[in-house]
Amino acid sequence: MFVDKVKVLVTAGDGGNGIVSFRQEKYVDKGGPDGGDGGNGGDVVVVANRNEDTLATYRYQKLIKAPDGGKGDMRKKHGRSGKDLILGVPVGTIISNEDGTILADLTEDGSTAIIAKGGKGGFGNAHFTSSVRQAPRVAEKGEPGENKELLFELKMIADVGLVGLPNAGKSTLLARVSNATPEIADYPFTTLTPNLGVVDIGDHNSLLMADIPGLIEGASQGKGLGDDFLRHVERTSVLLHLVDAYSDDIVASYKTIQQELKDYAVDLSKRPQTVIISKIDGLDDEMIKDLEKQLKKVVPKNTPIYAVSSQSGLGLNEMLYALAKQVKKDREKKVVETEEAVPVLTYVESPDRWEIEPKGITFVVTGKKIESFARRTDFDDYHGVQRFRDIMKKMGILNALVKQNIEVGQIIVIGDPAVGKLEY
């Protein structure tokens, strides 16, 4: 089953809790603290694999969870870290979050990305031992792993995309020139999913060609198979637009596809194109020239037009070599654009930064670092709360709260939404 778009809930592993423990041995009086740290939670990692060609694995696997870290143990034993969860996806998969921000675009075989970070393990009480604190009774909780609802979307990586009305001869052409074996029949919508094939041209050149299921007029409004599969030609260097030589109106057929390409979310009608008059078997030279003359009136200037027969192979070699040059030119252009690209400078907020916002009788404190400490604090434990107060004091938060006239008994909320609460 071909699936190229799925929504999944991804959860990284939670960090393990640290523990409070003291040495208890027969001949050791008042053994020191020996509570171990918790292990880190596992990350969720995606890896592009050229042997994968669909996202069907994740169609029914809506919840993806990495293993949690183990809790610490006595004798300073560190908890076991959760193993990273590795997800294999096809090359060309884009992963984005709910607001559309792209987290990963895996365009090469073997490329990887961490899409959900596991929580850090909490420290055990042995970690807090110092010359002035020789018997600490505080331990941290493990941080929760990241929880995200993500969209996995496959966009095939191909050099050439085949477009045209149903039965324009796209599958026949792909089967003739490549190693692909698409289904071929004499009825519309034979091709229900995109097909990908490798086209060898000469001894040292090859192209990836994608056959996109036939468009019809109104596909952008959802008619027929719709235009959803056009995402697979968004990355292509060249569009190969096939028009059936036996169409009732060859110009109308061409214009129909051009309009659907234009109405797509990304205007694909401006992409470099080569127009193919297909199925010329049985037509004489005069008839073929007449069809070319009709198309030249509506096809943009400098757009190549070829007449070919996929059955007999007539005109295919000339078209493929010209196509290879067109793709090479586009690749070189992209390399130059990449080299000339100006780096974008972004402001990275300091993790130590925090803010206080009065809300009624409460004060909301937000900031990456202080919220991280709050997630690892057990607010039901007296010693944990006291340590958290010390952290707030060192960071200057308590002093700032005093300047904002906080009163004894008022509530301090950490994070928005809250990750912890304590009384001043």
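Below, the figures for the structure above:
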quantity	calculated
Debye intensity ratio in log₁₀ form over the Cα atoms of segment 1-154, taken at each q of 0.11, 0.13, 0.14, 0.19 Å⁻¹	-0.53, -0.64, -0.70, -0.99
Mean projected area in nm² (Cα convex hull; one quarter of hull surface) for segment 160-340	10.6
Folded to 0 to 90 degrees: helix 285-296 orientation relative to the chain principal axis, Cα	40
Equivalent ellipsoid semi-axes, segment 355-423, via Cα gyration tensor eigenvalues times 5, rooted, Å	17, 13, 12
The chain - charge dipole about Cα centre, Lys and Arg +1 at Cβ, Asp and Glu -1, debye rounded to 20	1940
Sum of side-chain charges, Leu173 neighbourhood, beta-carbon under 12 Å (Lys, Arg +1; Asp, Glu -1)	+1
MRE, 222 nm, helices only [DSSP H, n ≥ 4, -39500 (n - 2.57), over the chain, to nearest 500]	-6500 deg cm²/dmol
Listed residues Ala324, Thr54, Ser178: farthest to the positive end of the dipole of the chain (Cβ charges)	Thr54
Value of relative contact order over segment 355-423, rounded to a whole percent, pairs C-alpha under 8 Å and six or more apart	41
Dipole of segment 355-423 [Lys/Arg +1, Asp/Glu -1 at C-beta], most positive-end residue of Ile406, Ser372, Gly384	Ser372
Gly36 long-range amide H proximity, modeled H, under 5 Å	Ile19, Asp73, Met74, Lys76, Lys77
Sorted by Cβ density within 10 Å, fewest first, the residues Asp211, Asp109	Asp109, Asp211
For segment 15-20, Karplus couplings with θ = phi - 60° (6.51, -1.76, 1.60), whole Hz, Gly/Pro x	x, x, 6, x, 10, 9
Volume of the Cα convex hull of the chain, divided per residue and given in Å³	214
Gain on full stretching of the segment that runs from Gln294 to Glu217 - 0.36 nm per residue minus C-alpha separation	25.7 nm
Segment 160-340: relative contact order in percent, alpha carbon pairs under 8 Å with at least 6 residues between	21
For segment 1-83, fraction of C-alpha pairs farther apart than 19 Å, in %	57
Principal-axis tilt of helix 316-340 within the chain, Cα atoms, nearest 10 degrees	30
For Ser131, Ser111, order by how many other beta-carbon atoms lie within 10 Å, fewest first	Ser131, Ser111
Relative contact order (percent, whole number), the chain, Cα cutoff 8 Å, 6+ residue spacing	12
Degrees separating the helix 382-394 axis from the principal Cα axis of the chain, which is the longest one	70
Phi to ³J(HN,Hα) by Karplus 6.51 cos²θ - 1.76 cosθ + 1.60 over segment 146-162, Hz, x for Gly, Pro	5, 10, 9, 9, 10, 10, 9, 9, 8, 10, 4, 8, 9, 7, 10, x, 8
For Ala113, distant residues with modelled amide H under 5 Å away	Val46
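Where a number appears in this text, it was derived from the coordinates with a stated rule and is not lab data. What you see is a predicted model; the values in this text were computed from it and never measured. Neighbour counts are summed over all protein chains in view; Cβ atoms, including those assigned to glycine, are modelled from backbone coordinates with ideal geometry.
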